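Before any comments, here is the structure.
No lab work stands behind these numbers, since they all come straight from the coordinates. Since this is a predicted model, take the numbers as computed values, not measurements. Neighbour counts are summed over all protein chains in view; Cβ atoms, including those assigned to glycine, are modelled from backbone coordinates with ideal geometry.
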Amino acid sequence: MIRNNITGIKKYTLMQILGTKNFSRDNIYSDLNDVNGYKPDETLDNCLKIINKRGNYNRYLFNFVNSLIIRDNLDINIKKIKKWVEKDFFIFSKYTHRDLWNYRLRLYKDGALKIKQRPEREEKHYDWPGWEHDASINDYLNNLPSTTASKTNFVLKKHNIYEIYSLIYSLQGNNLEEIFKYSSIIWQYGSLLNDLYNIKDDGVGKGEVLVAFLFGCKIMGVGDSFDVCINGEFIEIKAPNGLSFRFGTKASIGLYEFFKNILVTRERLKDLVNQLGEDNFRKLVDPNFFELSKQLLTKGNRNERAISSAIDCAEISSFTLSLIELWFFMAHTEIEHLIDHTHDICQDIFTKKFYIKDNKSLINVLSSLKYVMDPLKFKQDMEKEIKECFKGLNKLLIWNENNKEINIYYNANDIVIDSISQNGIKVIEKKYKKIDTTIEDTYEIWKENKNLDFYELYSNLDYRSKIKTKCLSVI
């Protein structure tokens, strides 16, 4: 790949050119490796089907597509994209996200973009009433966002001045782990440290004000990928309402690779069932696989096991996520049972019709799907996304209020995806989630004897696993 040399363009300027701070650059040329979760060779057609106009990157993408429409005098309207048919999207399959990036860079070099200079940050010092002659408390409050500082000042006024003096910056110069020495006081209702822990504000979560108080560090803004920096270490702080919490910097679930593959899978299955007809599809496949496939395509409310609607609104529970994983394994066993893999498959891009020798072989269209070819990769790719979320962090501090625990993690090994919610991933500490390997265990047994009924085998193992867990919990 021929790279652009954009070493002269600073990150702040590039953020404005691209409309996002979410990108990585090549070490030698400072060229773009990915932007907003997209790789340079990803085509625009699939992206245009699922993104909305929210966010500057998406707006710039729509503007770029509109410029192509005007240049080529195409009879389509970008404002009516929801009414586009397949052939309209196909026009843009020859353009990639790199074309968009290069277009924006050309506009910048031609002087067609207005770029703001990075503002010089003014150091403001405010003498807080009552603390005018106390440098440490004044500095501490001035290091907090203004509205947060007001809330914090109100809390400090309620407590004994000598206790404040004894604790403020008491861990300055120490490592984060020193916070454990105060754990019993932090969880003591009504204590100074507990009141500071409970302060939250827009962009400032529980526990951040407390960490700044003890370590003398500054709370970072919402644009940063970490909450505080202590002794050169970047630290993210989470205080989940339950056990799971949002994690990661990607603006939309559609930017995660594993979710993109879920969308592609659903479309492929829908095209297959439409061509065969539901009755023919039922006759060709295992009845359990048919039922789960039907649920994968069903739209409706939460009570109807409508997995397709859950995917559309990006609200996928842990249980629904496990059903999608089960579908990949069952699809894999269907492919093994029904056909060989020697047939070439063609699909008409406009009608979505597949061309293959017979209906039975038509099931082969599922075999090219990434997680049908190798269903183990589904969970592996989710784990990979958690590792990506940890990039740029040295430590993750989790306040577990329910269990009165403070946990510190140094990598992604002890964090797992729990669900998808509010258009992003939610993770949970591994020690609070039973890691269910029933599907993988079933797959290993099934590989030894592929004549076994995969779902019946899975159901038996799942039942035994639940009974065992229940017995252990009683003990």
In region 44-67, whose amide N lies under 18 Å from the spot 7 Å out along Cα-to-Cβ of Lys116? List them in ranges.
55-60
Given only helices, namely DSSP H runs of n ≥ 4 each adding -39500 (n - 2.57), what is the per-residue ellipticity at 222 nm of the chain, to the nearest 500 deg cm²/dmol?
-13500 deg cm²/dmol
Between the Cα axis of helix 257-276 and the main Cα principal axis of the chain, the angle (0 to 90°, nearest 10) is 20
Using alpha carbons only, how many degrees (0 to 90, rounded to 10) separate the axis of helix 454-474 from the longest principal axis of the chain?
30
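In percent, what relative contact order does the chain have, based on Cα pairs under 8 Å that are 6 or more apart in sequence?
Working: 570 pairs, mean separation 58.7, N = 475.
It comes to 12 percent, rounded to a whole number.
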Given the Cα-Cα distance of Asp436 and Asn423 and 0.36 nm per residue of separation, how much length would full extension add, in nm?
2.2 nm
Specify the angular offset, from 0 to 90 degrees and rounded to the nearest 10, of the alpha carbon long axis of helix 146-157 from the longest principal axis of the alpha carbons in the chain.
50
From the Cα centre of region 379-452 to that of region 1-48, the distance in Å is 29
For Arg59 and Lys352, extending 7 Å from Cα along the Cα-Cβ vector and measuring point to point gives, in nm, a value of 3.3
Dipole in debye (nearest 20) - the chain, about Cα centre, beta carbon charges: Lys, Arg +1; Asp, Glu -1:
1260
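What fraction of the DSSP beta bridges in the chain is antiparallel, stated in percent and rounded to the nearest 5?
On the way: 27 of 31 bridges.
Restricted to the chain, the bridges split so that about 85 percent are antiparallel.
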Phi-based couplings in Hz for region 13-22 (Karplus 6.51, -1.76, 1.60; Gly and Pro marked x)
5, 5, 4, 6, 4, 8, x, 7, 9, 8
Evaluate the charge dipole of region 57-168 about its Cα centre and quote only its size in Debye, nearest 20, assuming +1 on the Cβ of each Lys and Arg and -1 on the Cβ of each Asp and Glu.
960
At what distance in nm do the modelled label points of Leu107 and Gln380 sit from each other, each positioned 7 Å from its Cα along Cα→Cβ?
4.0
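Please report, in whole Å³, the volume per residue of the convex hull around the C-alpha atoms of region 135-239.
Numbers: hull volume 10.1 nm³, N = 105.
Dividing the Cα hull volume of region 135-239 by its residue count gives 97 Å³.
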For the pair Lys181 and Phe319, the simple spin-label estimate (label points 7 Å beyond Cα toward Cβ) gives in nm 4.7
Contour minus Cα-Cα distance for Thr43 and His159 (0.36 nm per residue)
35.8 nm
